[in-house]
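**Q** Supplied in structure tokens, the structure appears directly below.
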Amino acid sequence: MLYHADFHFEYPASMSQKDFFSIWAREAEAALGAKKAGVVIDIWKCAGSRRVIAIVNVDSLDALDQMLLDLPIMKEHGQHVQIDVTPLRRYEDFATDVKKRLE
């Protein structure tokens, strides 16, 4: 199943930007590894913000939840990460369904 995962990252005033980037570097390594493995279909960093958008392919909601909770940034900084998840339906399947409804 495909999911759109929208990550918003914040960091407390007590944390330096260097410390935050250190966590983000570990997260980037994990994300690119997941992309190479095919779990992450593609991933984008939104310019000018601490926001990342990913399309992920997992077998179940349980697998998605486990994957998200195991991310380095969630383990090290989870209280400052907001993730919004949207299940995705292939547009081709939707278009086929619409055509059938017109018959």
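Nothing in this text is a laboratory measurement; each read-out follows from the coordinates by a stated rule. The structure displayed is predicted, hence computed values, not measured ones. Please note: Cβ atoms are built from the backbone with ideal geometry, for glycine as well, and neighbour counts cover all protein chains shown.
**Q** Filter the cross-link list K45/K99; K35/K99; K45/K75 down to pairs whose alpha-carbon distance in this structure exceeds 30 Å.
**A** Exceeds cut-off: K45/K99; K35/K99.
**Q** Another question, then. Given the C-alpha atoms of segment 1-70, compute the convex hull and give its volume per residue in Å³.
**A** Details: hull volume 6.4 nm³, N = 70.
Expressed per residue, the convex hull around the Cα atoms of segment 1-70 is 92 Å³.
**Q** Give the peptides 45-58, 9-22, 90-103 in descending order of average Cβ contacts within 10 Å, highest first.
**A** Result, highest mean Cβ count within 10 Å first: 45-58, 9-22, 90-103.
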